[in-house]
1. State whether one or more residues within region 35-54 are in contact with a strand residue (DSSP E or B) (Cβ under 7 Å, 6 or more places away or on another chain) and modelled with pLDDT under 95.
2. Only one of Gly111, Gly85, Gly77 is crowded, with 17+ Cβ neighbours inside 10 Å and not in a strand (DSSP E or B); which?
3. State whether the residues of region 11-28 include one that is within 16 Å of the ligand (Cβ to nearest atom), out of contact with any Pro (no Cβ under 6 Å at 6 or more places or on another chain) and not polar (S, T, N, Q).
4. State yes or no: is Ile96 touching a residue at least 40 places away in the same chain (Cβ under 8 Å), in contact with a Gly (Cβ under 8 Å, 6 or more places away or on another chain) and near the ligand (Cβ under 9 Å from one of its atoms)?
5. Can you tell me which residues in region 35-68 are farther than 13 Å from Gly85 by Cβ, acidic (Asp, Glu) and more than 9 Å from the ligand (Cβ to nearest atom)?
6. Looking only at region 88-108, which residues are in a loop (DSSP other than H, G, I, E, B) and farther than 10 Å from Ala49 by Cα?
7. Assess whether Val72 counts as being within 16 Å of the ligand (Cβ to nearest atom), β-branched (Val, Ile, Thr) and buried (at least 16 other Cβ atoms within 10 Å of the Cβ).
8. Quickly run through region 40-69 and pick out the residues that are part of a strand (DSSP E or B) and either surrounded by fewer than 21 Cβ atoms within 10 Å (Cβ to Cβ) or free of Cβ contacts under 8 Å to residues at least 24 places away in the same chain (or both).
Amino acid sequence: MYNYTSFDESKLKFVEIAPASELPSGERLFVDLGDKPVVLFNIAGQVFAIGDICTHDDGPLGDGMLEGFNVVCPRHGAEFDVRTGQAVQMPAVVDIPAYPVVIRDGTIFIGIPSK
Ligand code: FES
C-alpha cells in the first residue's frame, strides 16, 4: 500500500518500523529514526508519517489533536497536513518532513532519503 503515488524509490531507503497490527485505525505510533523523532498516524486505515517537531518552536506534534488530515500543534495551534507535511495554519510557516509509507506483508516501512 502506498500513501504517495509519486515518489522515486531509487532515492529512498525504506526502514522497517513495526507490524501494521501495532498501529490500528485511530492510533499513533512514535519512533526515532536516528536523532529524528517521527510520529505515524493511522487515519481510517491510511498510514502517514511525519516529523514530530513543530517548525514554529519545536512543539511535540504527535501529542496534538487531529482535525481531518491536519495535526494541531499543542503549543500554539499551528496545523500541518500529515499527508504532505505542509504548514497550513499560523504561526508555523515552514513545512515539516512527511515520509512515504509502505506496508509490505503486514509490516510498516517508511522511506527516508538515501543520501
Ligand atoms: S511550537 Fe507548534 S505552534 Fe508553536
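The values are calculated or read from the model by the stated rules, or taken from the named source; none is laboratory data. All of these numbers come straight from a predicted model, not from anything done at the bench. Cβ sites come from the backbone with ideal geometry, for glycine too, and all protein chains shown count toward neighbours.
1. Yes, region 35-54 contains at least one residue that is in contact with a strand residue (DSSP E or B) (Cβ under 7 Å, 6 or more places away or on another chain) and modelled with pLDDT under 95.
2. Details: Gly111 fails: not in a strand (DSSP E or B); Gly77 fails: crowded, with 17+ Cβ neighbours inside 10 Å.
Gly85 is the lone residue from the list that is crowded, with 17+ Cβ neighbours inside 10 Å and not in a strand (DSSP E or B).
3. Taking region 11-28 first, the residues within 16 Å of the ligand (Cβ to nearest atom) are none.
So far as region 11-28 goes, no, none of its residues is within 16 Å of the ligand (Cβ to nearest atom), out of contact with any Pro (no Cβ under 6 Å at 6 or more places or on another chain) and not polar (S, T, N, Q).
4. Details: touching a residue at least 40 places away in the same chain (Cβ under 8 Å): yes; in contact with a Gly (Cβ under 8 Å, 6 or more places away or on another chain): yes; near the ligand (Cβ under 9 Å from one of its atoms): no.
So Ile96 fails the test.
5. Asp35, Asp63, Glu67
6. Kept after step one, since they are in a loop (DSSP other than H, G, I, E, B), are these residues of region 88-108: 90-97, 100, 105-106.
The answer is Met90, Pro91, Ala92, Val93, Val94, Asp95, Ile96, Asp105, Gly106.
7. Yes.
8. Residues of region 40-69 part of a strand (DSSP E or B): 40-43, 46-51, 66-67.
Asn42, Ile43, Gln46, Gly51, Leu66, Glu67, listed by residue number.
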